[in-house]
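The values are calculated or read from the model by the stated rules, or taken from the named source; none is laboratory data. Bear in mind that the values here come from a model prediction, so they are computed numbers and not experimental data. Reconstructed Cβ throughout: ideal geometry from the backbone, glycine too, with neighbour counts over all protein chains shown.
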């Protein structure tokens, strides 16, 4: 019984740490555009180790956990995530990666994509009821169009539907995963049943996401979690581009 209690306490601590990481970046994103200095400095303070960001134009931003800017290139990079089409974010731990470093980097990459000098809009978590209304064949065209507008999408521009299977936390996994794809599109993500459903509406022309998704999933599958285990597999299905009201 004592062993079980210890395991439950550990799970509670892990859950609290994950919530703290997610809340940190949601607070940053809630303010709109995140500048690189704020993002990197706050990340370094959150994880108590140096953190860095390389912009698409090659500029680098690095900060120590005490808020002091660091010059030059990083020494030892303990873990990193590539940004698309260019750039990356990283942590510089002296030792092994911590259990939540991968989660930190996923959300750091997501926040980086809404910063100046980086690419396009960020995927957003959306109201599941609105997403389900857009997807439903039983709703009227008027109701579906209204839901599209409430999601911040344009009723006259075709969109794609992506279905993402990623275990119990499909919605949480899908948002940073799609951010890594670097799509020039408006993306709304919601958990619908056991899956995450993403509505993807390209900006400035057709932008099929399949190739970018394949590349990101291959990168993710190759990544190793602390302890040497591989990242849990994620499966995605990509629908064709159709008018939102169809």
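For residue 220, the conditions (1) modelled with pLDDT under 80; (2) in a strand (DSSP E or B) are fulfilled apart from (2). If you filter segment 152-195 down to residues that are surrounded by fewer than 20 Cβ atoms within 10 Å (Cβ to Cβ) and at positive phi, you find that the one that is modelled with the lowest pLDDT is 167. If only residues of segment 144-155 that are more than 14 Å from residue 197 (Cβ to Cβ) and free of Cβ contacts under 8 Å to residues at least 24 places away in the same chain are counted, the one that is farthest from the chain's Cα centre (by Cα) is 146.
Among the residues that make up segment 158-172, is at least one of them assigned by TED's automatic domain parsing to the domain that holds residue 198 and within 22 Å of residue 39 (Cβ to Cβ)? Yes: segment 158-172 contains one or more residues that are assigned by TED's automatic domain parsing to the domain that holds residue 198 and within 22 Å of residue 39 (Cβ to Cβ). Of all residues in segment 106-134, those satisfying the criterion of being at pLDDT 90 or above and either in contact with a strand residue (DSSP E or B) (Cβ under 7 Å, 6 or more places away or on another chain) or crowded, with 23+ Cβ neighbours inside 10 Å (or both) are 131, 132, 134. Filtering segment 223-246 to residues that are loosely packed, with under 13 Cβ neighbours inside 10 Å, modelled with pLDDT under 75 and over 23 Å from residue 86 (Cα atoms) leaves 227, 228, 229, 230, 232, 233, 246. Looking across segment 23-66, just one residue is on the phi > 0 side of the Ramachandran plot and in contact (Cβ under 8 Å) with a residue 40 or more places away in the chain, and that is 32. Could you tell me whether segment 30-39 includes any residue that is part of a strand (DSSP E or B), under 21 Å from the mean Cα position of the chain (by Cα) and modelled with pLDDT of 80 or more? The answer is no; no qualifying residue exists.
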